[in-house]
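*Asks:* Let me give you the structure first, and then I'll get to my questions.
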Amino acid sequence: MIDSQKIRADFPILSQTVNGKPLVYFDNAATSQKPQVVIDAEANYYKEINANIHRGVHTLSQLATDAYEASRHKIQQHINAKFSHEVLFTSGTTHGINLVANGFASFLKPGDEVMVSALEHHSNIVPWQMLCEKTGAKLVVIPMNETGELIRSEYERLVSDKTKIVTVNHISNALGTINPIKWMIEKAHEVGAAVLIDGAQATPHLKPDVQDLECDFYVFSGHKICGPTGTGILYGKEAWLNKLPPYQGGGEMIATVSFEKTTYAELPHKFEAGTPNIAGGIVLGTAIDYLNAIGFDNIAAYEHELLEYGTKRLLEIEGLKIYGPEVSGLTQKTSVISFNLDGIHPYDVGTIIDKLGIAVRTGHHCAQPIMDFFQIPGTLRASFAFYNTKEEIDALVEAVKRAQMMLS
Ligand SMILES: Cc1ncc(COP(=O)(O)O)c(C=O)c1O
């Protein structure tokens, strides 16, 4: 059970006013807010153990290294990876995807296919397009239907022995669709293709089990799960990470260097060149502890309640259309409501409701192909977290009604 009032007290930013009104923060899919324990952990790292890692014998360096590696181990357990060296620290989802896409250049030839879905964020489209341009491989797109779900029969038809990698999001950021990734991974593996799962929108709501999914890569961002910006994780199966060439060259990722030849370090260091975001990596572990203490089952159940309530209340507004799947269960859609008012530009509504203290995202949500599919310039997106409340949803509904009155 979630006690939202108690939880809200953990988040200092939520008690402020914006434009003279209490802040209603419904832009959680863009980034989550941070609890006090996370803010304190970041400060404490710099106050107590700041030093560079993996390179000093002095005490502070050892302490910082131990804390960084303990966080890696924690994240390994959180996602149920087999080995902690399968867990790479990155600066975020975008970094993780680019690392893999870049490495795949050594495996692809003209005629090979890279498969993305119609529901992707730009960061899971553009790196693969760049890869295809470089290698002559073809980008194949799994289409979606009117309710914002991938068309399973089309996926089965398109995936073939030409497919070398399938890359799909676990949950769509623009519509909240939960994709059938376990089934998709099975189908891809039947034809020998690797699979990368973009978990940026899933990890705030659920605990992924990478061994159960059997995905080859799973990426996510720390800032969307109450952690610091500039942090993220790339999980990769050991065999794939051993096969992939390093992404960046530099300190830390080498075993030996001479002007004739450099040999690379073992995993995970082969992919972690240079001084990383040490504080961020450690504090990401703190954020994961915080979420696990609340419990992902509790989080999912509460957010689903908000989703059902928000959907019902918003649909009371005449001329309001919601894009994406029906809310029919926990496995169908996450707590994201993408909507528009008939005949009114989403940007105008977003601007007015901001004046009333309500933060939603307006625009194409870095998913222009989805907006093109629906032939709209964008949507308003309200995305709920476990620290939001039904009263805040009521405030959103009133604000949207007011905007509608002013603009029609
Ligand atoms: C589904 C999805 N993929 C990738 C990203 C990119 O994440 P980041 O900007 O943290 O790298 C986002 C961010 O919104 C996202 O929602």
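The values are calculated or read from the model by the stated rules, or taken from the named source; none is laboratory data. Just so it is clear, the structure is predicted and the values come from calculations on it, not from any experiment. Cβ: placed from backbone, ideal geometry, glycine included. Neighbour counts: every protein chain shown.
*Asks:* For the stretch 270-282, indicate whether the set of residues that are in contact with a Lys or Arg (Cβ under 7 Å, 6 or more places away or on another chain) and crowded, with 20+ Cβ neighbours inside 10 Å is non-empty. Before the answer, list the steps.
*Replies:* Going residue by residue through the stretch 270-282, those that are in contact with a Lys or Arg (Cβ under 7 Å, 6 or more places away or on another chain) are none.
Checked against the condition, which is being in contact with a Lys or Arg (Cβ under 7 Å, 6 or more places away or on another chain) and crowded, with 20+ Cβ neighbours inside 10 Å, the stretch 270-282 yields no hits at all.
*Asks:* Based on what the data block shows, is LYS82 assigned to a helix (DSSP H, G or I) and basic (Lys, Arg)? Don't jump to the end; show me each part of the working.
*Replies:* Working: assigned to a helix (DSSP H, G or I): no; basic (Lys, Arg): yes.
Taking the combined requirement at face value, the residue does not satisfy it.
*Asks:* Also: Just for the stretch 216-238: of the residues that are touching a Pro at 6+ places or on another chain (Cβ under 7 Å) and within 11 Å of the ligand (Cβ to nearest atom), which one is nearest to LEU267 (Cα to Cα)?
*Replies:* Here is the first cut: in the stretch 216-238, the ones touching a Pro at 6+ places or on another chain (Cβ under 7 Å) are 218, 222, 224-226.
If we keep only those that are within 11 Å of the ligand (Cβ to nearest atom) too, we end up with 222, 224-225.
Working: GLY222: 21, LYS224: 26, ILE225: 25 Å.
Once the filter is applied, the top-ranked residue is GLY222.
*Asks:* Having 3 or more residues that are more than 16 Å from the ligand (Cβ to nearest atom) and over 29 Å from HIS304 (Cα atoms) is the bar; report the helices (runs of 4 or more DSSP H) wholly within the stretch 123-215 that clear it.
*Replies:* Numbers: elements: 126-135, 152-158, 181-190, 210-213.
Once the helices (runs of 4 or more DSSP H) in the stretch 123-215 are filtered for at least 3 residues that are more than 16 Å from the ligand (Cβ to nearest atom) and over 29 Å from HIS304 (Cα atoms), what remains is 126-135, 152-158, 181-190.
*Asks:* Let me ask you something else. Just to be sure, is ASP372 in contact (Cβ under 8 Å) with a residue 40 or more places away in the chain, of a type in the set (Asp, Glu) and not in a loop (DSSP other than H, G, I, E, B)?
*Replies:* On the way: in contact (Cβ under 8 Å) with a residue 40 or more places away in the chain: no; of a type in the set (Asp, Glu): yes; not in a loop (DSSP other than H, G, I, E, B): yes.
Against the criterion (in contact (Cβ under 8 Å) with a residue 40 or more places away in the chain, of a type in the set (Asp, Glu) and not in a loop (DSSP other than H, G, I, E, B)), ASP372 does not qualify.
*Asks:* Filtering the stretch 92-122 down to residues that are among the acidic types (Asp, Glu) and closer than 22 Å to ILE151 by Cβ, which residue is farthest from the ligand (Cβ to nearest atom)? Quick ask: steps written out before the conclusion?
*Replies:* Let us first name the residues in the stretch 92-122 that are among the acidic types (Asp, Glu), namely 112-113, 120.
Subsequent filtering for residues that are closer than 22 Å to ILE151 by Cβ retains 113, 120.
Numbers: GLU113: 21, GLU120: 7 Å.
Once the filter is applied, the top-ranked residue is GLU113.
*Asks:* If you don't mind, there's one more thing I want to ask. Scan the stretch 3-10 and tell me whether some residue there is over 22 Å from the mean Cα position of the chain (by Cα), touching a residue at least 40 places away in the same chain (Cβ under 8 Å) and in a loop (DSSP other than H, G, I, E, B).
*Replies:* yes
Here's the yes/no breakdown for (1) modelled with pLDDT under 95; (2) over 22 Å from the mean Cα position of the chain (by Cα); (3) outside the structural domain of VAL397 (by TED's automatic domain parsing); (4) in a loop (DSSP other than H, G, I, E, B):
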{"position": "TYR45", "(1), (2), (3), (4)": "no, yes, yes, no"}
{"position": "GLU48", "(1), (2), (3), (4)": "no, yes, yes, no"}
{"position": "ALA51", "(1), (2), (3), (4)": "no, yes, yes, yes"}
{"position": "ARG55", "(1), (2), (3), (4)": "yes, yes, yes, yes"}
{"position": "LEU60", "(1), (2), (3), (4)": "no, yes, yes, no"}
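*Asks:* Ok, one more. What about PHE89, is it within 16 Å of the ligand (Cβ to nearest atom), over 30 Å from PRO325 (Cβ atoms) and crowded, with 22+ Cβ neighbours inside 10 Å? Full working, then the answer.
*Replies:* Details: within 16 Å of the ligand (Cβ to nearest atom): yes; over 30 Å from PRO325 (Cβ atoms): yes; crowded, with 22+ Cβ neighbours inside 10 Å: yes.
Here the answer is yes, as PHE89 does meet what is asked.
*Asks:* Of the residues THR331, THR351, which is among the polar types (S, T, N, Q), within 18 Å of the chain's Cα centre (by Cα) and surrounded by fewer than 15 Cβ atoms within 10 Å (Cβ to Cβ)?
*Replies:* None of the other options fit; the residue is THR331.
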